[in-house]
1. Before we move on, is GLU544 under 25 Å from VAL469 (Cβ atoms) and open to solvent by 20 Å² or more (accessible area, probe 1.4 Å)?
2. For the range 202-295, please list each of the helices (runs of 4 or more DSSP H) lying entirely inside it that holds at least 1 residues being at pLDDT 65 or above and closer than 22 Å to ILE334 by Cβ.
3. Out of everything in the range 1009-1048 that is more than 42 Å from the chain's Cα centre (by Cα) and hydroxyl-bearing (Ser, Thr, Tyr), what residue ends up being nearest to PRO1073 (Cα to Cα)?
4. Please name all residue pairs, on different chains or six or more residues apart, with Cβ atoms under 8 Å, provided the first residue is in the range 908-934 and is among the charged types (D, E, K, R) and the second residue is crowded, with 22+ Cβ neighbours inside 10 Å.
5. Out of curiosity, is ALA677 over 33 Å from the mean Cα position of the chain (by Cα) and assigned to a helix (DSSP H, G or I)?
6. Can we say GLN746 is open to solvent by 60 Å² or more (accessible area, probe 1.4 Å), part of a helix (DSSP H, G or I), more than 22 Å from GLY771 (Cβ to Cβ) and modelled with pLDDT under 90?
7. Using the structure shown, decide if SER310 is modelled with pLDDT of 85 or more and among the polar types (S, T, N, Q).
8. Just wondering, is there one or more residues in the range 1013-1028 that are without any contact (Cβ under 8 Å) to a residue 60 or more places away in the chain, touching a helix residue (DSSP H, G or I) at 6+ places or on another chain (Cβ under 8 Å) and not in a helix (DSSP H, G or I)?
Amino acid sequence: MTSHSNGKRNLVGNYTIPSALADEIRTEHHHDDALSSSQLKQNLTQNEYQQKRHNRVVDLDLNNTKSYKQIMEEREFEREEQRVKQLIERGRQEAEQAQAQEEQVQGQQIQLVARRERKRRWDVTPEEYERNKKSGPERDDNSIVLKLLKLGTKVPIVSGVPLTDEILDKILPPGYIKLDVPSGYEQLEDGKAPDITELPMDRYMPPSADQTKNTLALREQIPTEVPGITGLQSFKQEDMKYFGKLIHLEESSLSGDEKKEVEVMKLLLKVKNGSQVTRKRSLRQLTDSARKFGPKILFNQILPLLLEPSLDDQERHVLVKLTGRLLYHLDDQIRPYTHKVLVVISPMLIDEDFTLRLEAREIISNLTKAAGLANMISSLRPDLDHVDEYVRNITSRVFAIVANTLGLVSFLPFLKAVIKSKKNWMARHTGIKIIQQLCILLGGGNGNSILPYLTQMIEVLTPAITDEVLQVRTITALTLAQLAENVNPYGIESFENVLEPVWVSLRKHRGKGLASFLKCIGAIIPLMCHDPNYEEYANYYSKELVVIITREFSSPDEDTRKTILRILISLPLSRQIINNYESQIMKPFLKSFWNRRTASDSYQLTRLVVDSTVELAKKFDFLEVLESIVIFTKDNNEQLRRMATEAIHKMISPNSDNLIGLDSQLEVKLVDGVLFAFQEQTVQHNIYLQALGTVATALNVRLKPHMDSIISTVLYRLKNKEPEIRQQAAELIALIAPVIKQCSNQEDELLCKLILILYEALGEVFPEVLGSIINALFSCIDTVDKATLYVMSNPSINQILPTLTPILRNRQEKVQEACIKLVGLIAKKNSETINAKEWMRISFELLEMLKSSKKRIRVAANETFGYIAKTIGPQDVIVMLLNNLRVQERQLRVCTAVAIGIVAETCAPFTVLPAIMNEYRIPEKNVQNGVLKALSFLFEYIEGSMAKDYLFAITPLLEDALTDRDQVHRQTAATVIKHIALNCVGLANDSYHEVFVHLLNLLLPNIYETSPHVIIRILESIDALRIVLGVGIFTNYVWAGLFHPARKVRYPYWKMFNSAYAQNSDALVPYYPRIDSFPDDESDNYTIEELDIFI
């Protein structure tokens, strides 16, 4: 089709879709923009399957408890009802199909008989037109409505149809009579228009005055405050359903149980809508009074509330936490209401919120311990063969938690009975799924609790492999696969009997059934590799399985493709097993998976393709696979380029030695391809950077021919307008700086040029880019020889450091960390050329860094303090740090203490210790605590041979701290003693033991402390003194308190003894008290002569 519009000849035709199709597309993609963000979020996160928990018909009234027999009868009735519904639906569909066929045949016959009269348009005279217009039929609905409106008759109108007497007679079946208007009735608002219902939904209708009044009246009914309750943050419309009783309440007329109910209601409202303080207090009140209120009153109100669809995440979390605490306190009282609690809590096991799933699991575990196995089985048994798959799924998950909580010993007989059930396939399916969920619950490789019962489980599952129902066969295969993954690398003996039926079923299935059996056999084969007796089996099954896998490479089903890739990763393949691996595996694999369609697919699939490619490269020919993949780095599709780059990175990074056999042609292809992918990226991704860095590091000196092109690319990108490109270029310099040095024959000329370019780029405005530039500068300076730094003039180190000083004030975390590390490097490598005053100025800037919220920045600042102190001497730095101990902010004082410890370690303790000990004389708690903390870090960092020399010097200070009234003093002093004692183990001779005994005497009275932080530190230091002094001296202190009449004295002594028993049980034997005989018992002699032997 050609077009001559606008005087141009156009070979492309203008086509438009039909208006009906356009309307249909518009309707399909129409969405209401009036949705709030919270509603939109809820619609996105909660799918239809998740919403089923709100659609279940559940009787939560704890007064209506049904017997097991009644529940089973109900389930039987539901199954029968479902069966009848399916039969009716099938009959209706068959009838509709038959009617449609009949109408089609009739329509064809009518078309043959009756021909449509053609419309007359141009040959009609004006007279004929007027005559036809007058005699023509009018539209019934409009004419009737107009007549009624003209007459003033008021009748309701539904969808444009007036409900007059004649029409109602036609609609309604015979037997209905019209009632007369009651006597005395007068209609209000005489001029009111007829009722109109079913308004068209495609246009907005403003709310009427009545609707507005109703909305306002409803809002007025919702109270802002509830009488007798304080601390509420809100009261929602939905809360009226559950807490409306509290609004108009007369407490004087309530009975005992009703008062309890109201009290629980008030506390629940505070828990749900209260402020943080109110919520905590109410939670404690409810849990403490749980047994007083009883489970019936509590759960009658909590369970319906948990099923409310409008609950937000925080409210649900609080209520679930409350339920868990109540179950712990109620214990066995909850037994009669187990099923009701499970119905509400169990759907949370498949919630999308991970925390909620963990809490639900914990609650069901506690409920199982309280209710017992028999009660749990009787509560959940009716749901094992429920007609709804959703209920069966949840039931299997709950039973898995029950089995894990109570152990498989007691649960296995019930599980066997369920799986062997002949009555209903749904029960068998759920029973098998219980084992699968138990394996998932335990996690892969954690099958030690399953392993003793593995043979029994597989015996029960074996008949289900050939079950008549496909769903049962599929879930059996998946469960066996999960079992094999859990018990890996053990248990192949148990799986031996199941291998043949699984292999036969594998040959018979297609589609999803085949995928499940593939997964099963693919999980069992790796177990054979760990047992030499099964080596031949492993080789045979691997070889045969490859044939099926390669056939399914082209499967359209994504799940099957993912399963195949996972199997390829785990299969024990080698060149010996598959001789013609190139034609049998590699070519079909590359053809099916290395294409643009796969690259554009989900991230999970692309990651599996990359991982399986890496594994195949390891198992077959590394360089051959690499050559096949390199081609895709120059593909026009960016997603395929990225996939190839990721595969190259993962192949080379752990196996760089494999590149030794790389020929020059493939080397050029590899570097060129990775560099091309790096240059052509439209969306900046980290994998290109990592891949180029990996290739450069692996090739090392062989990268020299390509270095010019890489450097020119980097420099060109450093001047790009886009900040992300500049950042990536700087990060690449940081990665390849050591390789540049290797490729420059150990000369630093190129690196010095790069340092100049990076130095000039320090005026960068984007903080992320600036951080990367400073990191690149760090890498270049770190790589350059120390001698080169001395002679480097443009820029010299004296120019670089003053430029970095103002950048230190930048509050961006990446910039701060990079800048501090670079200053530290300069202090370490080339400190002599910098003035001491400049270092002090930097030290003051670094003090500010200690206030940072990020730990890595504080660590970098502390390390830099050590380097600076080594450069200019510790005196000035220590004075500055000790002054910093007087600030109020705790974190700053702790970091200062760490810095003092690092300075002491760098410059030897004797340069710092006198100043620190002198500072302790200031009668200020913060300063003294800071000094003790600094001593703690000091003795933690230095070696024991050095620490013992300062033991006598520091003892008077520790004496003072251990006898101080302040708990924190004693706690920190105990930490100092712990580090000193552990440092001196095996190095201090008997002359030092007196000091340690003296410290033990001072520490021991503190064992009665109740503060958890203090007592932990005290016990740790006592354990350290026990190790350095030996068990003999230590036990002389312990025996006295073990059998003291006061429990509060005995308890801490037994704590010390238990710790000694756990750590030195063998060394304790010679020091046990000697008991030859008891005064009242003259018959027996308790002397053990072996204990008198001494070496």
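1. Answer is no for this residue.
2. 239-243, 256-273, 276-288, 290-293
3. It comes out as THR1035.
4. Close Cβ pairs (under 8 Å, with a partner that is crowded, with 22+ Cβ neighbours inside 10 Å) amount to GLU919/LEU885; GLU919/VAL931; LYS933/ALA897; LYS933/THR972.
5. No, not satisfied.
6. no
7. The answer is no for SER310.
8. So far as the range 1013-1028 goes, no, none of its residues is without any contact (Cβ under 8 Å) to a residue 60 or more places away in the chain, touching a helix residue (DSSP H, G or I) at 6+ places or on another chain (Cβ under 8 Å) and not in a helix (DSSP H, G or I).
The values are calculated or read from the model by the stated rules, or taken from the named source; none is laboratory data. Model, not experiment: these values are computed from the prediction. Backbone-built Cβ (ideal geometry, glycine too); neighbour counts: all protein chains shown. Surface accessibility is based on the protein's heavy atoms, side chains included, excluding ligands, DNA and RNA. Shrake-Rupley method; radii C 1.70, N 1.55, O 1.52, S 1.80 Å.
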